[in-house]
Every structure is written in C-alpha cells, then in structure tokens.
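**Q** First the structure, then my questions, so here it is.
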Amino acid sequence: MNRRQFIRDVMLWSAGATLAVPRFTILTDAWAEETPAPPLVAVAKGEDYSSLVTRVLQPFGGMGRFVRPGDRVVVKPNIGWDRNPEQGATTHPQVVQALVRQALAAGAKRVLVFDRTCNESRRCYANSGIERAIAELGDSRAVIEHIDQRKFVPVEIAKGKAITRWEIYKDALDCDCYINVPVAKHHGLCRLTLGLKNSMGVLGGNRGSIHRDLGQSLADLATVIRPKLTLIDATRILLNNGPQGGDLADVRRIDTLVAAINPVAADAYATTLFDLQPADIASTVAAHSMGLGEMALDRIKVTEA
Amino acid sequence: MRRGRLRPAPSSWRALGQTLFLLFFLTLLVKTDYAGSDELNWAVNLLFRIDPFLAAAAMLAAKTVIALMLPALVTLGLTLLFGRFFCGWVCPMGSLIDASRRLVGRPVASPPRPGRRQLKYLLLFFLLTAACFGLPLAGYLDPFSILVRGLTFSLQPGLDHAATTLFTWTYQQAPSWVNAITEPIYSLLRQSVLPFSAKVYGLSLASLFLLLAVLGLSRVEPRFFCRKVCPLGALLALTARFSLLRLRGGSAKCGKCTRCRMVCPMAAIGDSREIAAGECTLCLDCVSHCPRSRIGYGLRRQAAPAPGGNDQGANLSRRAVLTALAAGALAPLALAPRTQVRHNDPLLIRPPGALAEPDFLDYCLRCGECMKICIGNGLHATWLEAGLEGIFTPRLIGRLGYCEYNCTLCGQVCPSGAIRKLTKSEKQTVVIGRAYFDKNRCLPYASATPCIVCEEHCPTPDKAIKFKEVVIDNHQGEQVTIRQPYVVETLCIGCGICEHKCPLAGDAAIRVTSAGESRLGQPALPEGY
C-alpha cells in the first residue's frame, strides 16, 4: 500500500462518519403514576448513617422500588468542594456508600458516582471521603469517575423558561435510575442548596451564567434531569458561609435524612430544617409553578421512618 | 584485549544508562502532580537539586547556603572522581540531543572543530558573576530548566490535546468494537503520561522553540549545545580536568588512524589522539571504534602534558575570562534606574510562600516545576513584567486559573526555596494579593442582575466576599432588591478563584492585584508617607 492508496482508503472508510455531536431531546413524560397525591416524604433520624439510609427508604418499599436487576444506576452526590465530611459542604461519604451498597444489592449492573466539582476534582473526591467510601465497597460494579468532558451532550430543554439548551452529562440522562443525593446547606444566592441545585453537578459549560436567574433555571433543568429518588443528606447542615463552608461553627449536626420521589416535595420539606419556608426558595417556587411537584407542606405526607 | 564478537560495544552500555536515566527523569516529571494526598511522596524535583550550576548561581545570588540544593555537591564530587560522566550518561538533555541526532544531525560525521568552545566557560563566568552582583539569569541557559519548561509548557499539553482530539472522535463517532480497543488505551494514557486535565501555559511556544533550538543546534555540529553553550557542562568540565579517572590510550603511536577523533561527538580528542578530560563525556564511542582497543578508562597519569598543551582543551585566555567576569559584575548596574525599583507591576502576583521580590528572583531557578504542579493551572511563566531577569518566573493569572485554597504543592516542589514550603494553615493566611470589584461590569452593580458566583467560590471560612442587600433601579426603571457583593480586605488572600470563576465574558468583573501581599520587602513609593 502506498501513501496515496492509504489516504484514499481512509477517506473511503470514514465517509460515513460525520463530525456532528449527537444531540439529546428529553421528552417530559409525566411522573404522575409514580407520584401519589399527596407526595410522600420520608424522614429518618439516627447516628448510624448506613442503617439510616435503609430506614428512610422503607416507606417506599426499599431500594428495590427504584433499582431493578441489571439497571445502570447513577448516584449523584455533592462533591463540589475541597472540604472534609465534618465541614458539611459535601454529601456524607457513609450516606453515599450505603446508597451504592443497596443499589448493588438490588442487582444494579453498574453504579456510577460522579460530580462536576468547583474546586480541583481530585482534591474534592479525595477529601470528601467519597472516593475512599466507594473503593471500600470493593465491588467492580461501583465506579467513581472524574468528569469526562467528552460525555457532555447538548440537550434541548423544551419547557425551559430561562434556559432552553444546555450541555448535560450523558450518564445522568441515559441511565436506568438516577439518584440525587444532595447535602442540605446554606447558599448565599438561593439561600439553601438542596435537590434541584445539586443537579448543577451534571451540567457542562459556563455554569456561572445560570446564576442570573437561578431559581427558574434550576426548575427548567428539573424538566430534563429526572431523579427517580432524591435523598437529602441533612446529617450535618451548614447554616452559614455556604455553599463551601469551612468553619465548623457554622455546622450543626442533626443526623437526619430526607427521601422523596418528588424532587420539589423533598426540597420543600428540607427547607423547614433551616427554619425557613418552602416559598423562601426560588427554585422550589419556580418548579412548583411549572407543575413539577408539590411545595405546600400541608399537601405533603411526611412519614417518620 | 580483543572483544568477543557477541559482547556489546562499550558505548551501548552508555546508551542503556542514558535511556534509564532519561526514563527516570521523565517519570519524575510526570509524577510532579497531585497524587491524592496533600504531601508529595517523591522528591520529584531531584533533577534540579543535583545541578551544581544552578546551585552555585542561586547560592551566589542569595549569598547563602541553600540546603535544599546541597545534593549538587554529590554531582561535583562524582565528577572529580569519574570525570564528566554526567553529561554523557545522566543529563536528560544530553540524552535527548543524542536521541535526536539522526533526526537533525548531518549524516556524515563532521571533522572535529574545537573552535569557540571557550564560549561556555565565558558564559559560566558571566552568569555566576552576574548572579552574584544582582542579575540572576542562570535559569535561562540551564539545560534542565530549558528541558522541563519545554516538556511541561508545550509538549505534554500538546500530547494531551492530540490524544483527547483523537479519542473524542473515536468515542463519538466510531462503532463500539473500536471503542472497546481505544477506550482502554486512552484510559491508560490518562493514568500514565497525560496530565489530569487540559492545561495551558504562558510562554509555551517560547519554551518549545528554546528546546527545539537546543536540539536543532546539533545540525551545526554534534552536541553543539554541550560543546559550546551549556554552562552546567562548563562547570563540570572545569571539575573534570582534575578528575581521578579518565579515558586515555591514544597517542602518536597510533600512526595515521584517527577513528577516535572522527567519532568523538564532543571533539575532545586532539591531533595526537590524547583526550581532553574536561571535554570528554565518557560516551565511550571512541572505545567502541578503536580498531586496536587501545583506549581504556583508568587513573590519571602524572606524566607531563603534551608539548604545546592539549589543543582540544579549553584554551581560555586570561583576557576573555576577565572580560566575562567584568561584564557579569557591571551588567547589574544597568538595572538601577528601572521603574520597577519603585513600582512593581500590580498584576505580578507571586505564588504563596514566595520570598520578597529581589530574593525571589535570586532563588528562583526558572525551572517551571511550580507551574507544572499547580493544580489550579493558575501559575504561568512571566514575560517581562518582572524585568529582564524575571522571564519564566511564576505568576498567578486569575483569569486562567486560581490558587487552590488547601493546596501547598508549589512550595513543596520548589527546588531552591524561592517558594517557601508552607503548612496548610500557614498557606491559608498568606496574602498573595487582594481582589477588587469592577462595578461598571459586575452584574448586580451594572445591570441589577443577580449573580454572586464569586461569593459562592470564595474559600475563606469567613468569606472575604460578602454582599449587602440594596434596592436599586434596573434598566426598566423598576425598583428591585438585589445582593451586591463587596470584598472585605482583611479577609481576602488573593487566591484568584473569584476572578477565575466570574461568569462574565472577557475580563472578570472581580480582579486580583498584588496590593496587600504579605511578603516583605516590597518596593514602596519613597516619596510617600
């Protein structure tokens, strides 16, 4: 084969390939069948976070309700900051570990854990303790990976009011079960960061510009990023200097987990842990008005698990 | 003495040694990175600490003994024993020059041309004197600095870009059976030679060209840089003149045979086939080529030097040496009237733990290690902002990257202590600069649009960026309540993450300047209070 022949062959063989990036369009299917009225929010308190996860899922029928054998599962904690678990800026590693363990026990084919961090990714993964917590499981089906830029795909947000198109991490969209595990904490702009805000960790692009209309943008995102389960980690809550914290005096330990199928109801209830009302959080209000879920506390069924 | 047919030539042992040392140093370079713990486990900066030229220059400039660089004495001691083996066997730049010889060199061996090799000695004398008198330029010509800067600033990021482009294409376009092959390869590359994330570097092209120039000079004659330019080579050559062991054997008895002269890449062998110990790098090419196996390695003979002196030696004239010394001593005088004596560039933000500016310039080796390891990709090579002698020194450019709050790696990797090694808590209180808002562009001020990304990222536990709630008119004339951020000067440490994360296009609306930095000895306006 000479050079000319080689080039000709390459052209021929690659003729079918185009350079277009695949684009995703998410159809907003109603989750009415999965969301009973009134929506159920389970709350559990206790010091053993591993068994706490089991307890808080019991009212829903356990992990088997969400993960079926052979499922590809994504567990999305908050690993956004280079902080340790005591500082309350990231999801507690034991909570993440227990969730992943239960998903594996429920027969998941693969459980992927990731977050697009704000500080340097390796430092966040290491110092949050979550990387080690996954490694301790010693199960090759449990994978924690750093963001791979190639996996961001442009997504049309058809119902979006503030944002109509964004790059979203592919695994968050095409998995069988997406579990959102935010940590409940203070945030300067939106007052609190809970479930909806945690979805920002699967976004590519310049996320800073979302802050111009943060509440509506987060609600828009909630139309395409659809967790089957939202489990809010309120084992320690950061009351001030969030979302990053750093001062242990700002952290209060309340050993609480909040779980719900409906993300808006989960956020609405978790707001009360900070002595705030659901209406104080712009993203909760915006998502509620878009019909994404209930925020009125008297129309949410809260179960102590 | 005749070699058996299957025994490898002596010079192939040298080639093996070169390969191993080169791989070792490349491994150290790749390991110059965060590895999951706050402390570095490897002496990844070893290369720069065994460099006696940089050690001498830095110590002369700083007028003190830099303990970190004392391992350089080992190199000198070994050279005194074994000769200039370092250049022939150890130096990674020399190995690369040899490796690229076929690529850039002439196919026909050039006849030995000993001329102008005194240039490297004169450069050595000039650079050391200039460093002593206040103009530290040693890092510009040190082979390791040139090499590590070229590899770090340009070649490794280039390799990363090439691999990422290729494997992004296969990932997005190729069928899954192709990806079953390519993805493990990409993953392996990511874990081994590629940087963790895509990085950019200031002066990347200049660093690449400098490295390519050093390699390309071999086109003029073999090992041109080592023969004529390298000041480290010059220092080792001066030491090797007194070495205990050396190559010898050729003499007038060899008759008309000049094989050794023709193959010697250093042109170290004279007309009468005697070998100049200062120039010989013990590459053993002559040993391999000598048809009578006359050349051997052994103790120095006490015999008188060949009549007329060795024509391959340094041939330094007293006048040239004195001129080099005088130039080195006088050149720094030209620096006195520079404006930076009174006013530094306010955008020249030095890494946390950096010594006061004049000391920093004296100690800094321009080796690029801090910029290699900076996990925020915030440290970049300075151009002329710190003066003629400040090129390739590190500065923080907030828009390109930032200083990670809990990270202390640059101080750990600095081979000379130009950046002090700080504990985490020390580092978090060192002020490298302070942020200020450009209220004409900052959204909550300029257009009553909510945005406090800077406040969100501000890493100090008591945030240095706070906000106040104000009621102002927006562009539509409506009254809106908005949170406007401001900087608390006493809390800001200048890490630059606010500038880096500011979501505005172009320049950030919050910028860091060196104002308020906590290192001492900064120039102050003498006419001020």
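The values are calculated or read from the model by the stated rules, or taken from the named source; none is laboratory data. Bear in mind the structure is a predicted one, so any value in this text is a computation, not a measurement. Heads up, the Cβs are rebuilt from the backbone with ideal geometry, glycines too, and the neighbour counts pull from every protein chain shown.
**Q** If you go through region B:10-69, how many residues are more than 16 Å from residue B:144 (Cα to Cα), aromatic (Phe, Trp, Tyr) and crowded, with 18+ Cβ neighbours inside 10 Å?
**A** Number satisfying all stated conditions: 1.
**Q** Follow-up question, since we're still on this one. I'd like the residue in region B:254-271 that is touching a residue at least 24 places away in the same chain (Cβ under 8 Å) and of a type in the set (Lys, Arg) and, out of all such residues, is nearest to residue B:85 (Cα to Cα).
**A** Top of the filtered list is B:261.
**Q** Let me ask something else about it. Take the residues in region B:412-425 that are of a type in the set (Ser, Thr, Tyr) and assigned to a loop (DSSP other than H, G, I, E, B); name whichever of them is nearest to the other protein chains (Cβ to nearest Cβ). Explain how you work it out, then say what you get.
**A** Within region B:412-425, the subset of a type in the set (Ser, Thr, Tyr) is B:416, B:423, B:425.
Imposing the further condition that a residue be assigned to a loop (DSSP other than H, G, I, E, B) reduces the set to B:416, B:423.
Values: B:416: 25, B:423: 16 Å.
Result: B:423.
**Q** Can you pull out the residues in region B:507-522 that are hydrophobic (A, V, I, L, M, F, W, C) and either within 14 Å of another protein chain (Cβ to nearest Cβ) or assigned to a loop (DSSP other than H, G, I, E, B) (or both)? Show your work before the answer.
**A** Looking only at region B:507-522, we keep the residues that are hydrophobic (A, V, I, L, M, F, W, C), and these are B:508-510, B:512, B:515, B:520.
Scanning region B:507-522 gives B:508, B:509, B:510, B:515, B:520.
**Q** For region B:368-411, what are the residues that are of a type in the set (D, E, K, R) and within 14 Å of chain A (Cβ to nearest Cβ)? Step through it out loud before you land on a result.
**A** The first filter runs over region B:368-411 and keeps only residues of a type in the set (D, E, K, R), leaving B:369, B:372, B:385, B:389, B:395, B:399, B:404.
Result: B:399, B:404.
**Q** Looking only at strands (runs of 3 or more DSSP E) that fall completely inside region A:85-180, which ones have 1 or more residues that are within 14 Å of chain B (Cβ to nearest Cβ)?
**A** So the answer is A:142-144, A:152-156, A:165-169.
**Q** Being surrounded by 15 or more Cβ atoms within 10 Å (Cβ to Cβ) and part of a helix (DSSP H, G or I): is that true of residue B:165 here?
**A** Details: surrounded by 15 or more Cβ atoms within 10 Å (Cβ to Cβ): no; part of a helix (DSSP H, G or I): yes.
No, not satisfied.
**Q** A further question follows. Can you name the residue in region A:263-305 that is small (Gly, Ala, Ser) and not in a helix (DSSP H, G or I) and is also nearest to the chain's Cα centre (by Cα) among such residues?
**A** The residue in question is A:293.
**Q** Related question: So residue B:166 clears everything in (1) among the aliphatic types (A, V, I, L, M); (2) more than 20 Å from the chain's Cα centre (by Cα); (3) under 16 Å from residue B:365 (Cα atoms) except one condition, right? Which one?
**A** (3)
**Q** Also: For region B:391-400: of the residues being over 15 Å from residue B:207 (Cβ atoms), surrounded by fewer than 24 Cβ atoms within 10 Å (Cβ to Cβ) and not basic (Lys, Arg), which is farthest from the chain's Cα centre (by Cα)?
**A** B:400
**Q** Output the helices (runs of 4 or more DSSP H) that fall wholly within region B:1-86 and possess 2 or more residues being within 16 Å of the chain's Cα centre (by Cα) and more than 14 Å from chain A (Cβ to nearest Cβ), or say none.
**A** Numbers: elements: B:10-31, B:46-49, B:52-62, B:72-82.
The qualifying helices (runs of 4 or more DSSP H) are B:10-31, B:46-49, B:52-62.
**Q** Also, quick follow-up: Checking residue A:256 against (1) within 14 Å of chain B (Cβ to nearest Cβ); (2) touching a strand residue (DSSP E or B) at 6+ places or on another chain (Cβ under 8 Å); (3) modelled with pLDDT of 95 or more; (4) surrounded by fewer than 22 Cβ atoms within 10 Å (Cβ to Cβ), which single condition isn't satisfied?
**A** Failing condition for residue A:256: (1).
**Q** Here is a further query. Give me the pairs: first residue in region B:449-473 and more than 7 Å from every other protein chain (Cβ to nearest Cβ), second residue surrounded by fewer than 24 Cβ atoms within 10 Å (Cβ to Cβ) and basic (Lys, Arg), beta-carbon distance under 7 Å, and six or more apart or on different chains, which are they?
**A** Sorted first by the residue in region B:449-473, then by its partner, the pairs are B:454/B:501; B:469/B:483.
**Q** Confirm whether residue B:436 is in contact with a strand residue (DSSP E or B) (Cβ under 8 Å, 6 or more places away or on another chain), of a type in the set (Phe, Trp, Tyr), more than 11 Å from chain A (Cβ to nearest Cβ) and not in a helix (DSSP H, G or I).
**A** When the stated conditions are applied, residue B:436 passes them.
**Q** Within region B:456-472, does at least one residue satisfy the condition of being in contact with a His (Cβ under 6 Å, 6 or more places away or on another chain) and not acidic (Asp, Glu)?
**A** The answer is no; no qualifying residue exists.
Per-residue answers, yes or no, for (1) in a helix (DSSP H, G or I); (2) closer than 26 Å to residue B:370 by Cα; (3) away from chain A (no Cβ under 14 Å):
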site	(1), (2), (3)
B:127	yes, yes, yes
B:132	yes, yes, yes
B:135	no, yes, yes
B:146	yes, yes, yes
B:154	yes, yes, yes
B:160	yes, yes, no
B:170	yes, no, no
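**Q** Please specify each residue of region B:239-258 satisfying the condition of being surrounded by fewer than 19 Cβ atoms within 10 Å (Cβ to Cβ) and in a helix (DSSP H, G or I).
**A** The answer is B:252, B:253.
**Q** So, one more: Residues that are touching a helix residue (DSSP H, G or I) at 6+ places or on another chain (Cβ under 8 Å), within 20 Å of residue B:451 (Cα to Cα) and not β-branched (Val, Ile, Thr): does region A:178-187 have at least one?
**A** Taking every residue of region A:178-187 in turn, at least one turns out to be touching a helix residue (DSSP H, G or I) at 6+ places or on another chain (Cβ under 8 Å), within 20 Å of residue B:451 (Cα to Cα) and not β-branched (Val, Ile, Thr).
**Q** Then there's this: With respect to residue B:144, is the statement that it is closer than 30 Å to residue B:337 by Cα, in contact (Cβ under 8 Å) with a residue 24 or more places away in the chain and hydrophobic (A, V, I, L, M, F, W, C) true? Give the derivation first.
**A** Values: closer than 30 Å to residue B:337 by Cα: no; in contact (Cβ under 8 Å) with a residue 24 or more places away in the chain: yes; hydrophobic (A, V, I, L, M, F, W, C): yes.
Against the criterion (closer than 30 Å to residue B:337 by Cα, in contact (Cβ under 8 Å) with a residue 24 or more places away in the chain and hydrophobic (A, V, I, L, M, F, W, C)), residue B:144 does not qualify.
**Q** Another question, if that's okay. Pairs under 6 Å by beta carbon, first residue facing chain A (nearest Cβ under 9 Å) and farther than 16 Å from residue A:244 by Cα in region B:483-506, partner assigned to a loop (DSSP other than H, G, I, E, B) and of a type in the set (S, T, N, Q), six or more apart or different chains?
**A** Taking only residues 6 or more apart or on different chains, the pairs are B:503/A:206.
**Q** Right, another one. Right, residue B:454: of a type outside the set (Val, Ile, Thr), under 20 Å from residue B:348 (Cα atoms) and in contact with a Pro (Cβ under 8 Å, 6 or more places away or on another chain) or not?
**A** no
**Q** May I pose another question? Only one residue in A:241, A:206, A:262 is of a type in the set (S, T, N, Q) and at positive phi, so which one is that?
**A** None of the others qualify; the one that does is A:241.
**Q** Based on this model, can you work out whether residue A:223 counts as modelled with pLDDT of 95 or more, away from every other protein chain (no Cβ under 13 Å) and either in a loop (DSSP other than H, G, I, E, B) or touching a Phe, Trp or Tyr at 6+ places or on another chain (Cβ under 6 Å) (or both)?
**A** In short, yes.
**Q** Here is a follow-up. Are any residues in region A:167-196 of a type in the set (D, E, K, R), out of contact with any strand residue (DSSP E or B) (no Cβ under 7 Å at 6 or more places or on another chain) and at negative phi, and if so, which ones? Break it down stepwise before answering.
**A** First, the residues of region A:167-196 that are of a type in the set (D, E, K, R): A:167, A:170-171, A:174, A:176, A:185, A:191.
Those left that are additionally out of contact with any strand residue (DSSP E or B) (no Cβ under 7 Å at 6 or more places or on another chain): A:174, A:191.
Within region A:167-196, A:174 is the sole residue that qualifies.
**Q** Has region B:186-203 got any residue that is over 30 Å from residue B:298 (Cα atoms), of a type in the set (Ser, Thr, Tyr) and surrounded by 20 or more Cβ atoms within 10 Å (Cβ to Cβ)?
**A** yes
**Q** Still on this structure, please answer the following. Return the only residue of B:417, B:378, B:368 being within 16 Å of the chain's Cα centre (by Cα), among the small types (Gly, Ala, Ser) and buried (at least 24 other Cβ atoms within 10 Å of the Cβ).
**A** B:368
**Q** Conditions: (1) in a loop (DSSP other than H, G, I, E, B); (2) of a type in the set (Gly, Ala, Ser); (3) modelled with pLDDT under 95. Residue B:218 meets all but one. Number of the miss?
**A** Status for residue B:218: all satisfied but (1).
**Q** Continuing with this model, one more query. If you take the residues of region A:181-208 that are over 14 Å from the mean Cα position of the chain (by Cα), within 12 Å of chain B (Cβ to nearest Cβ) and assigned to a strand (DSSP E or B), which of them is nearest to residue B:458 (Cα to Cα)?
**A** Looking at residues that are over 14 Å from the mean Cα position of the chain (by Cα), within 12 Å of chain B (Cβ to nearest Cβ) and assigned to a strand (DSSP E or B), I get A:187.
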